[in-house]
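A short write-up of the structure that comes next.
The values are calculated or read from the model by the stated rules, or taken from the named source; none is laboratory data. Worth saying up front: this structure is predicted, and the values here are computed from it rather than measured. Cβ placement follows ideal geometry from the backbone for every residue including glycine, while neighbour counts extend to all protein chains displayed. Surface accessibility is based on the protein's heavy atoms, side chains included, excluding ligands, DNA and RNA. Shrake-Rupley method; radii C 1.70, N 1.55, O 1.52, S 1.80 Å.
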Amino acid sequence: MNSENARSFFITGASGFLGASIVSALRKEFPAARMELLQHRRPLPKLADVRIVSTVTIAKGATVIHAAAATHASQKVYVESNVVFTLRVVQAACAARASHFVYISTAALGADCGSYGASKAEAEKIVRESGLPFTIIRPSEIYGGASNEGISKLISLVRRFPIAPYIPRTVLAPLYADDAIQAIVRAVTLSPQNKTYILAGPSVLSFREVVETIASTFGERVLLFPLPLFLSFLFATASDQVCRLKCAKNYDNSLAQEDLSFHPRSFREGLRTLSL
């Protein structure tokens, strides 16, 4: 895949864990590529041969990877960051005649998943209707790497405390970070076919099974207790976080397996990797 080293990338969201991981992987895959990162509120590290820009100005024919998003915020911020800003990036990509627009979406998609899910669904619609050659990626619950949210935060909690809560009637498909990044980079390197790929762990587990797997893998004895729904809302860091956890999600990653050689490791295998 290194035969296309001369290509150009414009990347948003590089200050976040997923965006930063994508940048790192692409720099290895395309060491001679022109790479521009959009500066957001959080500072970006200075990297050799990487240009940091403050405006959405995209080089002609570039591959655009739009990973920036608000994840734990108000409905107003979701609209501004996930919908309006996506439209702005898409318009700039159209003006630049971008060769490929890669949008990092979510498996927690749609109004049933709260304001966040609704905003991401609207952003996907903008991308699909843009006329740009596109690829949409919908990752499930990512853990590992430098991530310190979601399941990674739960892993830390289970390892530190003898008591752990779980939310009943909630299922997850934990996805190891390296498996997600590998598939995303693979999608970037392929010619865009206007497809949407779901990246999910190989097994759908109940929230309780997730906690039990963490505890058993690390040899921890943990007392589990169900967290009632009203208490779940009290512990949430955003008003729609519980809706996002409990909403129905599509975890069918068969298309990614076929096109992206996506074969994610099991949750237990991923956890064992973290302990090495």
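All conditions in (1) surrounded by fewer than 24 Cβ atoms within 10 Å (Cβ to Cβ); (2) assigned to a strand (DSSP E or B) hold for ARG88, with the sole exception of (2).
Return a yes/no flag: does the range 248-255 have any residue that is assigned to a helix (DSSP H, G or I), open to solvent by 80 Å² or more (accessible area, probe 1.4 Å) and at pLDDT 95 or above. Checked against the condition, which is being assigned to a helix (DSSP H, G or I), open to solvent by 80 Å² or more (accessible area, probe 1.4 Å) and at pLDDT 95 or above, the range 248-255 yields no hits at all. Scanning the range 25-65 for residues that are in a helix (DSSP H, G or I) and among the hydrophobic types (A, V, I, L, M, F, W, C) yields ALA25, LEU26.
If only residues of the range 146-180 that are touching a Ser or Thr at 6+ places or on another chain (Cβ under 9 Å) and over 21 Å from LEU245 (Cβ atoms) are counted, the one that is surrounded by the fewest Cβ atoms within 10 Å (Cβ to Cβ) is ALA146.
Going by what's in this entry, would ALA73 be described as closer than 22 Å to LYS249 by Cβ, at pLDDT below 95 and assigned to a loop (DSSP other than H, G, I, E, B)? Taking the combined requirement at face value, the residue satisfies it.
When LYS153, LYS195 are screened for being without any contact (Cβ under 8 Å) to a residue 24 or more places away in the chain and not β-branched (Val, Ile, Thr), only LYS153 passes.
The lone criterion from (1) closer than 30 Å to ALA6 by Cβ; (2) among the small types (Gly, Ala, Ser); (3) surrounded by fewer than 20 Cβ atoms within 10 Å (Cβ to Cβ) left unmet by ALA183 is number (3).
Of the residues contained in the range 23-45, one or more are found to be of a type in the set (A, V, I, L, M, F, W, C), touching a residue at least 60 places away in the same chain (Cβ under 8 Å), closer than 19 Å to ILE184 by Cβ and open to solvent by 10 Å² or more (accessible area, probe 1.4 Å). Of the residues screened, GLY61 is not one that is closer than 22 Å to GLN182 by Cα and open to solvent by 10 Å² or more (accessible area, probe 1.4 Å).
Selection of the range 134-192 for residues being assigned to a loop (DSSP other than H, G, I, E, B), among the aliphatic types (A, V, I, L, M) and modelled with pLDDT of 90 or more yields ALA173, LEU190.
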